[in-house]
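The numbers here are math on the coordinates, done by the rules we state, and not lab data. No experiment lies behind these values; they were computed from the predicted model shown. When we count neighbours, we look across all protein chains shown, and the Cβ atoms used for this are built from the backbone with ideal geometry, even at glycine.
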Amino acid sequence: MSVNPEPSVPAPRALPRIGDPAPPFTAETTFGTLKLEDFKGSWLVLFSHPADFTPVCTTEFLAFAEIHSELRALNCELMGLSIDSVFSHIAWVRNIEEKMGVKIDFPIIADLNKEVATLYGMINPGESKTETSRAVFVIDPQQVVRAIIYYPLTTGRNMHEILRLVKALQTTDAHGVATPANWQPGDKVILPPPRTVEAAAERVAQEGVECKDWYFCKKAL
Ligand code: BEZ
């Protein structure tokens, strides 16, 4: 007997995970209609916030604006999202500029029908069914999801960590290395551990590499 899925019930979509292609979308934003593919060739930090005109979100927008030029210098674009209308977004960014003197110079998706939020799993219904959590998706120039961060409604994110994450991913791609805990640009990087006995012997004899043991070696870039 074959089991036919109920035709009127759409199959649940798998949420994107690290290493997956970022789900394509077309969305209304404060900069007009934008597609994910418009960002091909650049890194993209796609983030959601719970709601416009809320205090923690306002602190985050001020902090995102502060790192925006540094992200741009890394060929990384920034785009926000919430389940608010484009008119609400416009009013809020105008308010931030008027009251706090900070221009929000990146697009914000008006995801009123929750389409993009659902596609990316930005809503955590156990916490709120009507607001997006503080999700961050780092998407690379080939539009592959490279990192995902989730924060709850009540905790503002650390923008320096988001910047550090983009720099760490770019360092990994450029040099085929990993980055240790609390790594900052300029610090030594980690060599991927050898996977054969022969490679382990070569690693400890390698010039310019600082090894605690065969599996744990660092080098300066
Ligand atoms: C805020 O951004 O201030 C906020 C939003 C949702 C829940 C709690 C705080």
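Restricting ARG134, ARG164 to residues that are among the charged types (D, E, K, R) and surrounded by fewer than 20 Cβ atoms within 10 Å (Cβ to Cβ) narrows the list to ARG164. A single entry from ALA22, ALA14 fulfils the requirement of being more than 16 Å from the ligand (Cβ to nearest atom), surrounded by 19 or more Cβ atoms within 10 Å (Cβ to Cβ) and not basic (Lys, Arg): ALA22.
Checked against the criteria, ALA63 counts as at negative phi, within 14 Å of the ligand (Cβ to nearest atom), over 14 Å from the mean Cα position of the chain (by Cα) and not charged (D, E, K, R). For segment 115-140, which residues satisfy the criterion of being part of a loop (DSSP other than H, G, I, E, B) and within 16 Å of the ligand (Cβ to nearest atom)? The answer is MET122, ILE123, ASN124, PRO125, GLY126, GLU127, SER128, LYS129, THR130, GLU131, THR132, SER133.
Contact map, segment 46-63: first residue without any contact (Cβ under 8 Å) to a residue 60 or more places away in the chain, second residue more than 7 Å from the ligand (Cβ to nearest atom) and among the small types (Gly, Ala, Ser), Cβ cut-off under 7 Å, separation 6 or more or different chains; pairs are ASP52/SER82; ASP52/SER88. Within segment 61-92, the set of residues being crowded, with 21+ Cβ neighbours inside 10 Å and part of a strand (DSSP E or B) comprises CYS76, LEU78, MET79, GLY80, LEU81, SER82.
Inside segment 39-60, residues that are part of a loop (DSSP other than H, G, I, E, B), crowded, with 16+ Cβ neighbours inside 10 Å and near the ligand (Cβ under 10 Å from one of its atoms) make up a count of 4.
Within segment 151-170, residues that are without any contact (Cβ under 8 Å) to a residue 24 or more places away in the chain and among the hydroxyl-bearing types (Ser, Thr, Tyr) sit with their Cβ atoms under 6 Å from residues that are within 15 Å of the ligand (Cβ to nearest atom) and outside any helix (DSSP H, G or I), at 6+ positions apart or across chains, in these pairs: TYR151/ARG134; TYR151/ARG157.
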